[in-house]
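Below: one structure, written as structure tokens.
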Amino acid sequence: MTAIRQPRVVLATDHPAQTVDIETKILEKAGALLVVAVTGEEGELLAIAPQAEAILTCFKRVSPAVVRAAPRLQVIGRYGVGVDNIAVEAATERDVIVANVPAYCEDEVAEHALALLLTLARKVRVFDRATRGGNWELATGMPVHRIRGRVLGVVGLGRIGRALAASAAALGLTVIAADRPVHEGRSEDMSIERFPIDELFARSDFVSIHAPLTAETTRLVDARRLSLMKPTAVLINTSRGGIVDLTALQAALQNGVIAGAGLDVFEPERLPSDHPLLRLDNVVVTPHVAFYSEESMDALQMLAATNVARVLSGHTPASVVNPQVLKRPRWAHLTRVDQAESPA
């Protein structure tokens, strides 16, 4: 009698879209069953982890304990670029591949950063609120300055930073970038003038952050660096909340050190509704949605699931965060991604 092979379990700690239909179809082709956590909290993940050969995660934390509780674990796939919510070191110790999706929402994040910039520069929020209250006076939002000819400093000239730079240049902004490699990957585009990061903050009328959260970039924007900015300058962050010291930013905004801020990310991820920063008129906030469009969500789900399906099918994923594990005996059988047909 032939034994019936049980599906391989892929644990989804959480997911970015309304359904997991895309992931389910892709993983089924690799003989895998997607099990979606209810809460995604560590206790629940620890209970399911022993069955899992793969983990898919968006925002929930995949802790060292969860990694160690999964003896069959082969790959952890991240819905997105950053992996600061994944215990990469613990995974690497156990020869577990960590895969991410570095390219899926460049246009969306760049567009969102530009939208925040324009909203603040043109005082859209100020005029909108005043007009709804019956105040139709121009003086309400004065002064407003022309954007063309002003300076945008981009911190992190990776894919998203370059996309923003191109759009900003089309509007007549002069784009400069930090000369330190605080972005994902290297840019060969030398048409953008580089400056030491402190000089970038001092020169720019707008500073937009597009760097990953690392030991180098944590609290990169602190009280000292904010003090270097022009009092008319604006800070934009659509990258990671931990890059900006929110206490220092709040003080800078309240004391006129800088003119405004546009924020899509925070630390913690969700600020309490009574947080002082949310009451400031010179701040525009959105709830970590810069990555979102219907098109980017479809791409993200497909790419994240395909990374996992590739490993389960004996192929390398498209993007590996800890490539050193691929040199270890456990993965000697893998076929390179550019030599394999996608299981999707």
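The values are calculated or read from the model by the stated rules, or taken from the named source; none is laboratory data. The structure presented is a predicted model; accordingly, all values stated were derived computationally and were not measured. Positions of Cβ are generated from backbone atoms using ideal geometry, with glycine treated the same way; all protein chains shown enter the neighbour counts. Accessible surface is based on the protein model in full, side chains and every heavy atom, while ligands, DNA and RNA are left aside. Shrake-Rupley method; radii C 1.70, N 1.55, O 1.52, S 1.80 Å.
Okay, here's what the table says:
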{"item": "Within region 194-270, helices (runs of 4 or more DSSP H) holding 1 or more residues that are open to solvent by 50 Å² or more (accessible area, probe 1.4 Å), hydroxyl-bearing (Ser, Thr, Tyr) and without any contact (Cβ under 8 Å) to a residue 60 or more places away in the chain", "result": "223-227, 246-254"}
{"item": "Check on ALA290, more than 15 Å from the chain's Cα centre (by Cα) and small (Gly, Ala, Ser)", "result": "no"}
{"item": "Residue list for region 7-36, filter: open to solvent by 10 Å² or more (accessible area, probe 1.4 Å), farther than 12 Å from ALA305 by Cα, in contact with a strand residue (DSSP E or B) (Cβ under 9 Å, 6 or more places away or on another chain) and in a loop (DSSP other than H, G, I, E, B)", "result": "PRO7, ASP14, GLY31"}
{"item": "Hits in region 42-99 (condition: within 19 Å of the chain's Cα centre (by Cα) and on the phi > 0 side of the Ramachandran plot)", "result": "GLY80"}
{"item": "Looking only at region 311-327, and only at residues there that are among the small types (Gly, Ala, Ser) and in contact with a Pro (Cβ under 7 Å, 6 or more places away or on another chain), the one that is least open to solvent (accessible area, probe 1.4 Å)", "result": "SER319"}
{"item": "All positions within region 69-82 that are under 16 Å from ILE97 (Cβ atoms) and open to solvent by 30 Å² or more (accessible area, probe 1.4 Å)", "result": "PRO71, ARG72"}
{"item": "Tally, over region 44-73, of residues that are in a helix (DSSP H, G or I) and either touching a helix residue (DSSP H, G or I) at 6+ places or on another chain (Cβ under 8 Å) or touching a residue at least 60 places away in the same chain (Cβ under 8 Å) (or both)", "result": "8"}
{"item": "LEU263, sole failed condition from (1) under 30 Å from ASP205 (Cβ atoms); (2) among the hydrophobic types (A, V, I, L, M, F, W, C); (3) over 24 Å from the mean Cα position of the chain (by Cα)", "result": "(3)"}
